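A.B. asks: Sending over a structure as structure tokens; questions will come in a sec.
The values are calculated or read from the model by the stated rules, or taken from the named source; none is laboratory data. What you see is a predicted model; the values in this text were computed from it and never measured. So basically every Cβ, Gly included, is an ideal-geometry build from the backbone, and we count neighbours across all protein chains shown. We work out accessible area using only protein heavy atoms, side chains counted, and drop any ligands, DNA or RNA first. Shrake-Rupley method; radii C 1.70, N 1.55, O 1.52, S 1.80 Å.
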Amino acid sequence: MSSGVLQVVNQEGKFDPKLDPDLPQSELHKLYRTMIYTRVFDNRMIALQRQGRMSFYAPCVGEEAAHVGSAYALKPEDWLFPQYREQGAMILRGIPLEQLVSSLFGNRNDVCKGRNFANAWGDRSLNIVNSSAPVGTQIPLAVGAAMAAKYKGDKIVTLAYFGDGSTSSGYFHVGLTFASVFKAPTIFFCKNNQYAVSVPTQRQLGSENIAVKAAGYGMEGVQVDGNDILAVYRVTKDAVERARNGEGPTLIEAITYRIGPHSTSDDPSRYRSQEEVESWKRKDPIKRLRLYLENRGLWGEKEEADLWKEAEDMVSEAVRKAEAAPLPTVESMFEDVYKEMSTALKEQLQDALTFHEWG
Ligand SMILES: Cc1ncc(C[n+]2csc(CCOP(=O)(O)OP(=O)(O)O)c2C)c(N)n1
């Protein structure tokens, strides 16, 4: 395992030129823009839920750099296996905002036709596989897809996102064991946001940290400052290169913090102090990239104000369209199970239409 937590840009926006990936201005702006869109999206979805217009939402405030920076290190042909708190990666990859909102409303335009749980984003055309509710299940799936690609001779990599809590699931062990034995081109990207709902990370592991576990599987393990998007990009890019060159998987532990609640059903004041939250707010990943951009003379007040306004407008437009879309039909509940609907399902459909009133 590489020693220490990699950081390129510190809280004041000062950076180490030897570690700086020196991305072009347009690319840095793209990363910053994606993080702002993600923040605006998050805040608006929480507001919608609080207004009773949406049933449930799990925000990613504070974790934007970890998932945007890592997704940015992949090519479009690489596959993403998200958990549920990687909204920024979805936006970066190209899922339209309206599609994300439709998924939360579970309306007719949702790619899963309202059948999946909230935040289970995905898009087949963008190589993003929808997650399912049991946490960690995406980990072996990412390994399986990587192995399939390897057998087919496709030079792609897969990346699975998961939280610190998910490292306690059997799927984590199964996935890492298989990947290391068969040198699957997979990146295991753990967003250690310090909590699994109310359970702190210390209660998930007996080891010093999560990255150190990689040694037991015989793979590279790295810790990175998950609020420093350039550091995250750097370590993920290295892992992608290793995987693509046939050198096998990497476990990345991005150290970050969930500023908001686990979900709109959670009250975090019951298990953590406001001082703790405030101390992490000072490490805000968006502010960090902004300071870096300003220090390099690549950003100013005008651009900042324009970008927030643009993001607010785009999210408003997406909400307006998604909220106006109709819900899925009753019939659709029974479709897509078999190519042709079975007799039993046809009877159930008839019953549903006859005996229930659908609003
Ligand atoms: C197998 C399984 N056990 C428990 C749950 C209930 N649950 C939902 S989210 C969650 C916390 C997961 O924490 P982590 O993996 O750290 O991700 P985070 O929510 O912090 O991003 C739990 C325990 C679940 N969905 N699946």
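A.B. asks: Of all the residues that make up the range 132-144, how many are away from the ligand (no atom under 16 Å from the Cβ) and buried (at least 24 other Cβ atoms within 10 Å of the Cβ)?
C.D. replies: Residues flagged as away from the ligand (no atom under 16 Å from the Cβ) and buried (at least 24 other Cβ atoms within 10 Å of the Cβ) within the range 132-144 amount to 1.
A.B. asks: I need a count of the residues in the range 275-293 that are farther than 24 Å from A47 by Cα, in contact with a helix residue (DSSP H, G or I) (Cβ under 9 Å, 6 or more places away or on another chain) and either open to solvent by 30 Å² or more (accessible area, probe 1.4 Å) or among the hydrophobic types (A, V, I, L, M, F, W, C) (or both).
C.D. replies: 3
A.B. asks: Evaluate the following for A73: is it within 13 Å of the ligand (Cβ to nearest atom), within 30 Å of P185 (Cβ to Cβ), in the same structural domain as E303 (by TED's automatic domain parsing) and of a type in the set (A, V, I, L, M)?
C.D. replies: For A73, the condition - within 13 Å of the ligand (Cβ to nearest atom), within 30 Å of P185 (Cβ to Cβ), in the same structural domain as E303 (by TED's automatic domain parsing) and of a type in the set (A, V, I, L, M) - is not met.
A.B. asks: Which condition number in (1) under 19 Å from K287 (Cβ atoms); (2) touching a residue at least 24 places away in the same chain (Cβ under 8 Å) is the one that M45 fails?
C.D. replies: All conditions are met except number (1).
A.B. asks: So which residues in the range 96-131 are touching a Leu at 6+ places or on another chain (Cβ under 7 Å) and within 16 Å of the ligand (Cβ to nearest atom)?
C.D. replies: Within the range 96-131, A118, W121 qualify.
Here's the yes/no breakdown for (1) within 11 Å of the chain's Cα centre (by Cα); (2) charged (D, E, K, R):
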| residue | (1), (2) |
| --- | --- |
| P96 | no, no |
| R108 | no, yes |
| F117 | no, no |
| A120 | yes, no |
| A133 | no, no |
| G136 | no, no |
| L141 | no, no |
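A.B. asks: Same structure again: Could you grab me the full set of residues in the range 310-346 that are surrounded by 11 or more Cβ atoms within 10 Å (Cβ to Cβ), part of a helix (DSSP H, G or I) and of a type outside the set (A, V, I, L, M)?
C.D. replies: E310, E312, D313, S316, E317, R320, K321, E323, E331, S332, F334, K346
A.B. asks: Then there's this: Just to be sure, is G106 in contact with a Gly (Cβ under 8 Å, 6 or more places away or on another chain) and over 30 Å from Q223 (Cβ atoms)?
C.D. replies: yes
A.B. asks: Among the residues of the range 38-93, how many are within 19 Å of L307 (Cβ to Cβ) and open to solvent by 10 Å² or more (accessible area, probe 1.4 Å)?
C.D. replies: Within the range 38-93, residues that are within 19 Å of L307 (Cβ to Cβ) and open to solvent by 10 Å² or more (accessible area, probe 1.4 Å) number 7.
A.B. asks: Can you spot a residue in the range 259-274 that is open to solvent by less than 10 Å² (accessible area, probe 1.4 Å), within 16 Å of the ligand (Cβ to nearest atom) and within 23 Å of S169 (Cβ to Cβ)?
C.D. replies: yes
A.B. asks: Going residue by residue through the range 155-171, is there one that turns out to be assigned to a loop (DSSP other than H, G, I, E, B), among the polar types (S, T, N, Q) and open to solvent by 30 Å² or more (accessible area, probe 1.4 Å)?
C.D. replies: No, there is no match, as no residue in the range 155-171 is assigned to a loop (DSSP other than H, G, I, E, B), among the polar types (S, T, N, Q) and open to solvent by 30 Å² or more (accessible area, probe 1.4 Å).
A.B. asks: Now for a separate question. If the requirement is being surrounded by fewer than 17 Cβ atoms within 10 Å (Cβ to Cβ), more than 19 Å from the chain's Cα centre (by Cα), among the hydrophobic types (A, V, I, L, M, F, W, C) and near the ligand (Cβ under 10 Å from one of its atoms), which of these qualifies: V212, V174, V181, V199?
C.D. replies: Criteria check complete, one pass: V199.
A.B. asks: Quick check on this structure: which one of D284, D306, D351, D266 is among the charged types (D, E, K, R) and at pLDDT below 95?
C.D. replies: Of D284, D306, D351, D266, the one residue that is among the charged types (D, E, K, R) and at pLDDT below 95 is D351.
A.B. asks: While we're here: Here are some conditions: (1) farther than 23 Å from H262 by Cα; (2) of a type in the set (G, A, S); (3) touching a Pro at 6+ places or on another chain (Cβ under 9 Å). A65 meets all but one. Which one does it not meet?
C.D. replies: Answer for A65: the failing condition is (1).
A.B. asks: Go through (1) closer than 23 Å to D238 by Cβ; (2) within 17 Å of the chain's Cα centre (by Cα); (3) of a type outside the set (D, E, K, R) one by one and return the number of the condition I156 breaks.
C.D. replies: Condition (2) is where I156 drops out.
A.B. asks: Which condition from (1) touching a residue at least 24 places away in the same chain (Cβ under 8 Å); (2) closer than 16 Å to T250 by Cα is the one that K155 breaks?
C.D. replies: (2)
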